[in-house]
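**Q** Mind looking over this structure? Questions follow.
The values are calculated or read from the model by the stated rules, or taken from the named source; none is laboratory data. Keep in mind that this is a model prediction, so the values were computed, not measured. Neighbour counts run over all protein chains shown; Cβ positions are idealised from the backbone, glycine included.
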């Protein structure tokens, strides 16, 4: 994800820049300097951020000598979550020394924030390793910090790649010096986020520039997803990719889990690709089944900016092979549906219903070039009947749905329609 970076002396100018890009991005990063560890000074009354009415999530990057006292003296944060600043989910501190940074990470986390550390180009690797353990986000500076428009230092890419291998569960991002000429090279390190300031806001049209940079990454993602059929442990090539949707709460012994696992195994053995959301339940079951059938799995995962009480998250026991990360729940569903040819939906909860609704409407709109929907289980007959009796169902909507009750029936149906989809 691309995150626009804002560094301003005036809160009004900060607000103006947010408004320029809020329609096209989901998050911004606001840099704060106090002329201590880094020359330069920005606006410092962080509570003023609450006055900015925007839908974008805000991260604050503190480039100050004593981040805890800086926050305390401003009356910005208090020792209860109730007094957190609205709209801000994450606090990132520039690493000054090990003790100061560790204390800040604990302080910010106790307040309920996601936390991050920002690392200079010349920072000691041994210090960094100890600090990474307690941070949610690890940010590497691609330029000398403190001003936008600096020259990118390529050696940072090797550093990022090395640390990403050692800490696979962390979110990595790079800040500074990235533009259209090097964004693909930077993305090859596997960073989840790319923080960009001058390349966006120095453009004549910042919104257009953001979209141009995003399209470069999107083109790369689409190119990668086209390679999904190659992820087969037996070396085979799958003509079609099947998306598995269903409840996240199911355990290994539950019937929907067993059905999803067996269906995925059977499809994988017959050369079909498997895509899921990277979570537990039906998603993990389909990964296990695909692996037993000799196929790899693509997961499209959702990583919220802050914990969601009712979202299960990515399952560490779902050992998928490729991952596309998203920071928006509906983006995740959209990409799941886009990167697959057929959707198989098992028993689940309201999340499954939302996925079914998106798949159903999308298929109906694009019929006869729609993506087939397979509903697994007899219980769907009652659901469809109730929908037809109580909702306004247009002619032909239910005809694009197939109900199957066994894995073998799913396989036979896909085989029967395969030639029409190729």
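**Q** When residue 369 is evaluated against the numbered criteria (1) more than 24 Å from residue 271 (Cβ to Cβ); (2) free of Cβ contacts under 8 Å to residues at least 24 places away in the same chain; (3) part of a loop (DSSP other than H, G, I, E, B), which criterion, by number, is the only one it fails?
**A** Only one criterion is unmet by residue 369, namely (1).
**Q** Residue 357 - would you say it is surrounded by fewer than 13 Cβ atoms within 10 Å (Cβ to Cβ), out of contact with any helix residue (DSSP H, G or I) (no Cβ under 8 Å at 6 or more places or on another chain) and either modelled with pLDDT of 90 or more or in a helix (DSSP H, G or I) (or both)?
**A** Yes; evaluated as a whole, the condition is true for this residue.
**Q** If you don't mind, another one. I need the full set of residues from segment 53-67 which are in contact with a helix residue (DSSP H, G or I) (Cβ under 6 Å, 6 or more places away or on another chain) and surrounded by 19 or more Cβ atoms within 10 Å (Cβ to Cβ), in order please.
**A** 64, 67
**Q** Restricting segment 283-304 to residues that are free of Cβ contacts under 8 Å to residues at least 60 places away in the same chain and assigned to a strand (DSSP E or B), which is nearest to residue 59 (Cα to Cα)? I'd like the intermediate steps shown before the answer.
**A** Residues of segment 283-304 free of Cβ contacts under 8 Å to residues at least 60 places away in the same chain: 283-293, 299-302, 304.
Remaining after also requiring assigned to a strand (DSSP E or B): 299-302.
Working: 299: 27, 300: 24, 301: 21, 302: 18 Å.
Per the stated criteria, the residue is 302.
**Q** If I filter segment 267-281 for residues that are over 18 Å from residue 343 (Cα atoms) and in contact (Cβ under 8 Å) with a residue 40 or more places away in the chain, do I get at least one hit?
**A** Within segment 267-281 (the criterion being over 18 Å from residue 343 (Cα atoms) and in contact (Cβ under 8 Å) with a residue 40 or more places away in the chain), the answer is no, since none of the residues qualifies.
**Q** Can you tell me how many residues in segment 113-133 are in a loop (DSSP other than H, G, I, E, B) and surrounded by fewer than 14 Cβ atoms within 10 Å (Cβ to Cβ)?
**A** Qualifying residue count for the region: 3.
**Q** Just checking, does segment 273-295 include any residue being touching a helix residue (DSSP H, G or I) at 6+ places or on another chain (Cβ under 6 Å), modelled with pLDDT under 85, under 20 Å from residue 413 (Cα atoms) and buried (at least 16 other Cβ atoms within 10 Å of the Cβ)?
**A** Taking every residue of segment 273-295 in turn, none turns out to be touching a helix residue (DSSP H, G or I) at 6+ places or on another chain (Cβ under 6 Å), modelled with pLDDT under 85, under 20 Å from residue 413 (Cα atoms) and buried (at least 16 other Cβ atoms within 10 Å of the Cβ).
**Q** Test of understanding: among 157, 184, which residue is surrounded by fewer than 16 Cβ atoms within 10 Å (Cβ to Cβ), modelled with pLDDT of 85 or more and assigned to a helix (DSSP H, G or I)? Break it down stepwise before answering.
**A** On the way: 157 fails: surrounded by fewer than 16 Cβ atoms within 10 Å (Cβ to Cβ).
Going through 157, 184 in turn, just one is surrounded by fewer than 16 Cβ atoms within 10 Å (Cβ to Cβ), modelled with pLDDT of 85 or more and assigned to a helix (DSSP H, G or I): 184.
**Q** Please indicate, with yes or no, whether at least one residue in segment 376-394 is part of a strand (DSSP E or B) and assigned by TED's automatic domain parsing to the domain that holds residue 335.
**A** So far as segment 376-394 goes, yes, one or more of its residues are part of a strand (DSSP E or B) and assigned by TED's automatic domain parsing to the domain that holds residue 335.
**Q** Name the residue that is surrounded by the most Cβ atoms within 10 Å (Cβ to Cβ), counting only residues in segment 74-96 that are modelled with pLDDT of 65 or more and not in a loop (DSSP other than H, G, I, E, B).
**A** Here the answer is 92.
**Q** Kindly evaluate residue 137 against the criterion of being assigned by TED's automatic domain parsing to the domain that holds residue 206, under 20 Å from the mean Cα position of the chain (by Cα), surrounded by 17 or more Cβ atoms within 10 Å (Cβ to Cβ) and modelled with pLDDT of 90 or more.
**A** Judged against the criteria, residue 137 is a match.
**Q** While we're here: If residue 340 satisfies every condition in (1) surrounded by 18 or more Cβ atoms within 10 Å (Cβ to Cβ); (2) closer than 22 Å to residue 190 by Cβ; (3) in contact (Cβ under 8 Å) with a residue 60 or more places away in the chain but one, which is the exception?
**A** The single condition residue 340 does not satisfy is (2).
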